Amino acid sequence: MQKFDRTFVFTLNDTLYDATFQRSQARLAAVEAMIENGLPVDVETAYNNLEEVVNSLGSDAPDHFNVMLERMGFGADSRIIAAGVVAYREVSRAALRPYPDVQVVLLGLRDKQNRLVLLSSGDPVKEWEKLIILGLAHLFHAVFIEKAAFGKEFLIGSLDRVGVAPNEAILVSGNEDELKAASELALQTYHFAPRIPGRTPRLPLPTGSRYRTIKRLDDLLKI
């Protein structure tokens, strides 16, 4: 059995790639396509209504565009819905790219005899699809996906499955809710907050947060 020096736990969305940017670009492209195909509203109105539907139903719920049209008082127009679906899928796939140096850093950590664990919450098939498209699935020694929201029970259970105590693991996440869950345990925790030219920087975490913030993923190689 391979012996590991340390265990690094990464989360997926907004940690290995910019999920917030990907979703916003895909939704914007979807409503623009729907308008081009007959939806009689402006882009801002359509986008805000789509955001409300996603927030109320959840990002993994089906038929967002159908519900959006119903809530706006329009019938379920197949052409408009299809235009939104096609545009969303195309832009979502195009925007699904890892942050710079992600693969290099993961390989560097592996070369230093570290165990790499990936945790994510959401639809398991969709989360695996993301990881495979990103080209990172083969770099992790273990991957655990939970349908429910990310919480400390999921974190403890995943670490237990690889035989690691919380105080022996290092968690890296760009998601504040995930960081909060980890803070309830004894994990050494890093908040990944990269600065990407042309994109809005993430809001700083609350004063007194118990996380170390890194702006470059390769800082992990210096730990």
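The values are calculated or read from the model by the stated rules, or taken from the named source; none is laboratory data. Remember, it's a predicted structure, so these values are computed and weren't measured experimentally. Backbone-built Cβ (ideal geometry, glycine too); neighbour counts: all protein chains shown.
Miscellaneous remarks
- Residues that are of a type in the set (A, V, I, L, M, F, W, C) and at pLDDT 95 or above, drawn from the stretch 140-153: F140, A142, V143, F144, I145
- Identity of the residue in the stretch 73-102, buried (at least 16 other Cβ atoms within 10 Å of the Cβ) and out of contact with any Phe, Trp or Tyr (no Cβ under 7 Å at 6 or more places or on another chain), that ends up nearest to D218 (Cα to Cα): V102
- Condition check for V143: under 13 Å from F10 (Cα atoms), touching a residue at least 60 places away in the same chain (Cβ under 8 Å) and surrounded by 14 or more Cβ atoms within 10 Å (Cβ to Cβ): no
Here's the yes/no breakdown for (1) modelled with pLDDT of 95 or more; (2) under 17 Å from the mean Cα position of the chain (by Cα); (3) not aliphatic (A, V, I, L, M):
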position	(1), (2), (3)
Q2	no, no, yes
L12	yes, yes, no
I35	yes, no, no
N48	yes, no, yes
E90	yes, no, yes
P98	yes, yes, yes
L109	yes, no, no
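- Options D18, D5: the member that is of a type in the set (D, E), crowded, with 22+ Cβ neighbours inside 10 Å, touching a residue at least 40 places away in the same chain (Cβ under 8 Å) and under 30 Å from I214 (Cα atoms): D18
- Single residue of the stretch 189-223 satisfying the filter (under 21 Å from L159 (Cβ atoms) and at pLDDT 90 or above) that is surrounded by the fewest Cβ atoms within 10 Å (Cβ to Cβ): L220
- Test for V67: is it in contact with a Leu (Cβ under 7 Å, 6 or more places away or on another chain), closer than 24 Å to A149 by Cα and among the β-branched types (V, I, T): yes
- Hits in the stretch 93-131 - residues which are of a type in the set (G, A, S), part of a helix (DSSP H, G or I) and in contact (Cβ under 8 Å) with a residue 24 or more places away in the chain: A95, G108
- Members of the stretch 122-133 found to be in contact with a helix residue (DSSP H, G or I) (Cβ under 8 Å, 6 or more places away or on another chain) and either hydroxyl-bearing (S, T, Y) or surrounded by fewer than 19 Cβ atoms within 10 Å (Cβ to Cβ) (or both), listed by number: W128, I133
- Selection from the stretch 165-186 of residues that are of a type outside the set (D, E, K, R) and modelled with pLDDT under 85: S183, A186
- Close pairs (8 angstrom Cβ cut-off, 6 or more residues apart or separate chains): free of Cβ contacts under 8 Å to residues at least 24 places away in the same chain and more than 20 Å from S120 (Cβ to Cβ) in the stretch 48-65, of a type in the set (F, W, Y) and buried (at least 16 other Cβ atoms within 10 Å of the Cβ) anywhere: L50/F65
- Condition met for L119 (surrounded by fewer than 21 Cβ atoms within 10 Å (Cβ to Cβ) and modelled with pLDDT of 95 or more): no
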